[in-house]
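Written below as structure tokens is the structure these notes are about.
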Amino acid sequence: MPSEFPIPLPALPLPDAVPLSWYLILSAILFSLGVAGFLFRRNIITVFMSIELMLNAVNLSFVAFAYQLKSVDGHIFSFFVMVIAAAEAAVGLAIILTVFRNKQTLEIDEVSSLRL
Amino acid sequence: MDAMLFLTFAAIAVACAINLVLQTHPIASALSLVGVMGSLAVLYLLLGGEFIAAVQLIVYAGAIMVLFLFVIMLLNAAAEKKVKKPALKGVVAVPLVLTFLVLVAYLIQAQAPRGTGVKFGEFTGGGALDIGRSLFSTYILPFEVTSIVILIAILGAVVLARKEI
């Protein structure tokens with residue numbers, strides 16, 4: 001509690017325990033920002049990083065639910081998400097390297113050879 | 001104390017995520033993502049996930065982001081060029097994303113369990129011992145399948161990074 005904290009803290013109307021919904025809403029905000037980055041950025045690497053941001057947001061809600069259910073299963077799920085994200089990053093960055101070697105660009109709008 | 005720690009690191013995470021979306025240079029975006037991952041690791045610690053917090057720092061903020069930075073510097077990626085044409089997706093996507101966010105926040109407020117809230121130290125089942133015990137008993141089959149996935153990812157990365165493609 002703040003009593004043994006060296007600096008006297010201001011008396012803010014903060015709850016003693018953080019409600020679970022705060023964690024879930026933070027997760028939703030981060031996920032929405034990831035979606036926005038995915039849609040608006042045109043650099044292929046930044047788009048890829050937005051996907052990682054979305055994966056992180058989902059991990060946060062997994063860990064929050066694991067706390068609520070007092071169960072370790074949510075932690076296992078987010079562990080597997082991290083493993084798959086590592087594999088995805090390796091393959092995705094190899095694809096980005098190949099695209100750059102063939103097209104000499106990282107702009108996502110210029111890589112449109114599949115467009116009819 | 002818990003609420004103050006949560007608000008501080010949640011604010012850092014959201015600020016870094018906004019910076020990730022707004023920056024045009026990929027290196028600035030990558031460093032913002034490292035900030036998001038670091039503050040999320042603190043939030044995992046608050047939720048009792050010691051092992052996940054450590055893995056988040058080592059694997060995500062360490063290994064994966066170094067891979068990203070390596071590729072950005074290898075390709076000598078520059079800032080995005082400004083485009084003149086007004087994008088239709090800006091008109092359509094912003095209201096859609098905002099609607100999604102408001103809807104999800106409303107549902108969470110309406111449906112989230114009204115428990116005692118999250119207090120640091122209430123749940124201690126997220127250490128390496130518990131994770132390992134669960135991983136090697138209940139989740140042994142997904143664990144083994146994951147090793148095959150990683151093997152395929154290694155093969156894919158080697159094949160894709162060859163010169164001839």
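The numbers here are math on the coordinates, done by the rules we state, and not lab data. Source: prediction; values computed, not measured. When we count neighbours, we look across all protein chains shown, and the Cβ atoms used for this are built from the backbone with ideal geometry, even at glycine.
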Proximal lysines to B:K82, defined as alpha-carbon separation beneath 24 angstrom and excluding residues fewer than eight positions away on the same chain | A:K103
Looking at the protein assembly as shown from every direction and averaging, what is the projected area of its Cα convex hull in nm²?
-> 17.9
Taking the Cα atoms only, what angle lies between the long axis of helix A:20-40 and the longest principal axis of chain A, rounded to 10 degrees?
-> 20
If the cut-off is 24 Å between C-alpha atoms, which lysines fall inside it for B:K89, apart from same-chain ones fewer than 8 positions away?
-> B:K81
222 nm mean residue ellipticity, helices alone, for chain B (DSSP H n ≥ 4; -39,500 (n - 2.57); rounded to 500) | -22500 deg cm²/dmol
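Which of A:T46, B:T24 has the fewest other C-beta atoms within 10 Å, and how do the rest follow up to the most? Intermediate results must be reported in sequence, preceding the final value.
Working: A:T46 28, B:T24 15.
Lowest count first: B:T24, A:T46.
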Hydropathy first: keep DSSP H helices in chain B averaging at least 1.6 on Kyte-Doolittle, then drop any whose Cα extent along the axis falls short of 18 Å, and list what survives.
-> B:2-22, B:26-46, B:88-111, B:140-160
Three-way shape call for the stretch B:30-155 based on the alpha-carbon gyration tensor, with the a/c threshold at 1.5 = oblate
Do the sum for chain A: with -39,500 (n - 2.57) for every DSSP H run of n ≥ 4, divided by all residues, what is the mean residue ellipticity at 222 nm, to the nearest 500 deg cm²/dmol?
-> -24000 deg cm²/dmol
Could you work out the mean count of beta carbons from other protein chains within 10 Å of each residue's beta carbon in B:25-38?
-> 3
Compute the acute angle (0 to 90°) between the alpha-carbon long axis of helix A:44-69 and the principal axis of greatest extent of the alpha-carbon atoms of chain A; round to the nearest 10°.
-> 30
